[in-house]
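The values are calculated or read from the model by the stated rules, or taken from the named source; none is laboratory data. All of these numbers come straight from a predicted model, not from anything done at the bench. Positions of Cβ are backbone-derived with ideal geometry, glycine not excepted, and every protein chain shown enters the neighbour counts. Note: accessible area is taken over every heavy atom of the protein model, side chains too, but ligands, DNA and RNA are not part of it. Shrake-Rupley method; radii C 1.70, N 1.55, O 1.52, S 1.80 Å.
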Amino acid sequence: MRSIWNGAISFGLVSIPVKLVNATESHSISFRQIHAEDNGRIRYRKVCELDDREVSTEEIGKGYEDADGTVIPITDEDLAHLPIPTTRTIEIVAFVPADRIDPLQMGTAYYLAVGSAPAAKPYTLLREALKRGNRVAVAKYALRGRERLGMLRVVGDALTMHGLLWPDEVRAPEGVAPDEKVTVRAKELDLADALMETLGDVDLDDLHDEYRAALEEVIAAKAAGEALPVAPEPDTGGKVLDLMAALENSVRAARESRGDGKAPERAPEKRTAGKKAPAKKTTEKKAGEKGAAEKKVTGKKAAERKPPARRTAQRSAQGSAQKTAAQEERKSGRKPPAKKAAPRKTPA
């Protein structure tokens, strides 16, 4: 592995010559920009604005553009005279527990290799001290034109350094969490714990980039002139209407994928009514029967008091006939015959 920086670790009065090596590498597939019409490569050429000609890498330097547009050239010799001690030194400033470092601050990882044979003893001393104290070292160093923050820790038998963001470079999570108050029941937490236990642990070495593998298949099919692989239907998901049912189904699916088809047991819901509910139904039933009986008796009495329909019709007909006869007599001028007075009885 090629080193990208040479310097020393400053550990109090101890100096450890080291080399900085990239600890990670990218396996992502990169694309070239081409002319869609004839597949010609699109290239970017470095051209000087004043000379209007392409320049080589050896002719390119650094410069700082001022607010008024003036460019101030900065050389490597100028950077070597920076008034800070971290230009070629990884200066350890503190030793802290590993949980003191926020993972949001962690960035690029590097291996620290010994720069010379005499550096093996102090290198091993620092490594064993970090192991014994179960701590990490916080350090400052300069790389690519700026001072940076780093964290030194032990990985196997090697020292590694993670580039850290400065605390003021990490944004606060304002407006990220939901504003409304959400209540999570104990039953839901139990199912979530069961789901986590069912999924269990995983060996990170077994994980791989499925997107890259699928992209390689597409490229191979295009190169061979074969049909492209059929893409699976995307899982649109949907709205989770019942969180409990979703958790139970997730636990069941996880157990089935691991060969354990036992379904999660769902606790019966508590009833607040208890044994009073049947009594209430019986009381309501009796009250309904009693009301129906009272309505029946009342209706029967009303029917007895009501005159028969036939008798009522006869009375109505007689009354109508008498009214008609009286009207005809008034029209003819005849007076109705006077009623004879009843004979008075004389005493014997």
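Computed values, structure above
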| quantity | calculated |
| --- | --- |
| Residue match in region 54-64 (condition: exposed (fewer than 10 other Cβ atoms within 10 Å of the Cβ), among the hydroxyl-bearing types (Ser, Thr, Tyr), in a strand (DSSP E or B) and in contact with a strand residue (DSSP E or B) (Cβ under 9 Å, 6 or more places away or on another chain)) | yes |
| Condition check for Tyr44: aromatic (Phe, Trp, Tyr) and surrounded by 10 or more Cβ atoms within 10 Å (Cβ to Cβ) | no |
| Looking only at region 196-237, and only at residues there that are in a loop (DSSP other than H, G, I, E, B), among the acidic types (Asp, Glu) and without any contact (Cβ under 8 Å) to a residue 24 or more places away in the chain, the one that is most open to solvent (accessible area, probe 1.4 Å) | Glu233 |
| Neighbours by Cβ (under 8 Å, 6+ apart or cross-chain): first from region 163-180, at pLDDT 90 or above; second open to solvent by less than 70 Å² (accessible area, probe 1.4 Å) and in a loop (DSSP other than H, G, I, E, B) | Leu164/Ile101; Val170/Asp102 |
| Qualifying positions in region 12-38 - touching a helix residue (DSSP H, G or I) at 6+ places or on another chain (Cβ under 6 Å) and assigned to a loop (DSSP other than H, G, I, E, B) | Ile29 |
| Criterion: farther than 30 Å from Phe31 by Cα and among the polar types (S, T, N, Q) - qualifying residue of Thr70, Thr57 | Thr70 |
| Selection count, region 99-117, where residues are in contact (Cβ under 8 Å) with a residue 24 or more places away in the chain and more than 42 Å from the chain's Cα centre (by Cα) | 3 |
| Residues within region 7-53 that are touching a Leu at 6+ places or on another chain (Cβ under 8 Å) and farther than 30 Å from Leu152 by Cβ, tallied | 1 |
| Number of positions in region 72-87 that are exposed (fewer than 10 other Cβ atoms within 10 Å of the Cβ) and either part of a strand (DSSP E or B) or at pLDDT 80 or above (or both) | 3 |
| Residue check, Ile29 surrounded by 10 or more Cβ atoms within 10 Å (Cβ to Cβ), closer than 30 Å to Glu216 by Cα and aliphatic (A, V, I, L, M) | yes |
| Ile9 being exposed (fewer than 12 other Cβ atoms within 10 Å of the Cβ), modelled with pLDDT of 90 or more and not in a loop (DSSP other than H, G, I, E, B) | no |
